[in-house]
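Below is one structure; the comments refer to it alone.
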Amino acid sequence: MRDAQGEGRAPVLQFTNCRILRGRALLREDLWVRGGRILDPEKLFFEERRMADEQRDCGGCILAPGFIDVQINGGFGVDFSQATEDVGSGVALVAQRILSHGVTSFCPTLVTSPPEVYHKVLPQIPVKSGGPHGAGVLGVHLEGPFISREKRGAHPEAHLRSFEANAFHDVLATYGPLDNVRIVTLAPELGRSHEVIQALTARGICVSLGHSVADLQAAEEAVQSGATFITHLFNAMLPFHHRDPGIVGLLTSDRLPPGRHIFYGMIADGTHTNPAALRIAHRAHPQGLVLVTDAVPALGLGNGRHTLGQQEVEVDGLTAYVAGTKTLSGSIAPMDVCVRHFLQATGCSVELALEAASLHPAQLLGLEKHKGTLDFGADADFVVLDDSLHVRATYISGELVWQAEEARQ
């Protein structure tokens, strides 16, 4: 909790000459910040009779909520699924480097690994606020090992698991303590998955459906048990079929619990999802679309051989494969590139493209009062973008944490 008195004495920043993304519209308004939060200027004027202590001219740029990446496996040579002695320094490096791509919060993601890796890595990735040191850590995303063999994609078959008789106990034995976990991806067709989904959601952990051969009925039952997310829609699941659309059918299902909103991740890197498929998903359910990078350790490194957990990955141009195969292995596109590609591929509004990387992931995680929004009282995590949606600067809690070289002139 911030100290209200201290916040009242903190300097007031006024960002001028900008368009603010607020309420699904770009508004020509100033953005007011104090004590790391977005401020209501009317209260400042009429109740406190104060003005800004400092004004910053944004040069006509767009101010959008900071991007939130809920599926990122590593980057810049760091592999979150590698049980090193100092996992924290690797997470810190990625957290710092993704600031230049507008990401202010993220969920470090572990692919299918043996239990000893989870036991060693998870305690080393605590939830952490963002700042000049890097983007905030919202909790870990565990993708696997409770997934389908047929749709394992780049996950190593040797370490896949199913649920045993005491299903949730098996989850705890595999992962260890779940204190730092925010999302678990599993295949809902696995036996006893529903009791696991219920147990995870009861602990405030988001359950995502993915790497699965589930039919639509199994997917709907998983949502009825508490699942709220789909991991990288279209990838590593049964293809859409008109008689049984599988997990994809959740986007238009009429059998979801009243008031239940399903979200789905999309890798808009130009490789994982054809633009026509992006358009179909977006038009079917625009408010549930969450842009994810699914970035691998090779992000930012170029061609060559790299790792992803227990597998070797080969990067060729804009594509990462499991070495020696044509199986896609995550992405090497950062979040700002995904936002621009999504906008271009779907022809959606700039506002919706930006919300797919900010508001929607915040809503998925139940953080929309504080993150993914520039409403009054929210955290002042935002990104400054030019008209072509290239990142000019990134702010966390109202503090400049990254700035493009040209913007420093």
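Here are the numbers for the structure shown:
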| quantity | calculated |
| --- | --- |
| Cα-based helix-to-principal-axis angle, 335-346 vs the chain, degrees rounded to 10 | 80 degrees |
| Integer Hz, Karplus 6.51/-1.76/1.60 couplings in order for the stretch 308-324, x for Gly and Pro | 8, x, 8, 10, 9, 10, 10, 9, 10, x, 9, 10, 10, 10, 4, 3, x |
| Set of the stretch 226-261 residues, backbone N closer than 16 Å to the point 7 Å along the Cα-Cβ line of ARG24 | 261 |
| Among LEU328, LEU359, LEU138, residue whose mean-square fluctuation peaks in a GNM of the chain (springs only between Cα atoms under 10 Å) | LEU328 |
| For the chain, built as a Gaussian network whose Cα springs stay under 10 Å, the top-fluctuating residue of GLY74, GLY136, GLY60 | GLY60 |
| ARG22 - accessible surface, heavy atoms, 1.4 Å probe, Å² rounded to 10 | 40 Å² |
| Separation between Cα centres of the stretch 3-73 and the stretch 370-409, rounded to whole Å | 10 Å |
| For the stretch 66-365, share of DSSP beta bridges that run antiparallel, in % to the nearest 5 | 35 percent |
| Total charge dipole magnitude, the chain, about the Cα centre, Cβ charges on Lys, Arg, Asp, Glu only, Debye to nearest 20 | 360 debye |
| Positive-end residue, the stretch 326-409 charge dipole about Cα centroid, Cβ charges, pick of GLN403, PRO361, SER349 | PRO361 |
| GNM top mover of VAL12, VAL213, VAL313 - the chain, alpha-carbon springs below 10 Å | VAL12 |
| Heavy-atom accessible surface of the chain: percent carbon and sulfur, 1.4 Å | 50 percent |
| Dipole of the chain, positive direction: furthest Cα of LEU93, ALA10, THR273, with charges on the beta-carbon | THR273 |
| For the stretch 66-365, accessible area per residue (1.4 Å probe, heavy atoms of protein chains only), Å² | 35 Å² |
| Lys, Arg +1 and Asp, Glu -1 on Cβ, resulting dipole of the stretch 168-268 about Cα centre, debye, nearest 20 | 200 debye |
| Cα-based Lys proximity count in the chain, under 24 Å, for pairs eight or more positions apart or on separate chains | 6 |
| Distance from the stretch 273-333 to the stretch 206-221 (C-alpha centre basis), Å | 21 Å |
| The chain: angle of helix 275-284 to the longest principal axis, Cα-based, in degrees nearest 10 | 80 degrees |
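The values are calculated or read from the model by the stated rules, or taken from the named source; none is laboratory data. None of these values were measured; they are calculated from a predicted model. Quick reminder, even Gly has a Cβ in these numbers, built from the backbone with ideal geometry, and neighbours come from all protein chains shown. The area values use the complete protein model at the heavy-atom level, side chains included, leaving out ligands, DNA and RNA. Shrake-Rupley method; radii C 1.70, N 1.55, O 1.52, S 1.80 Å.
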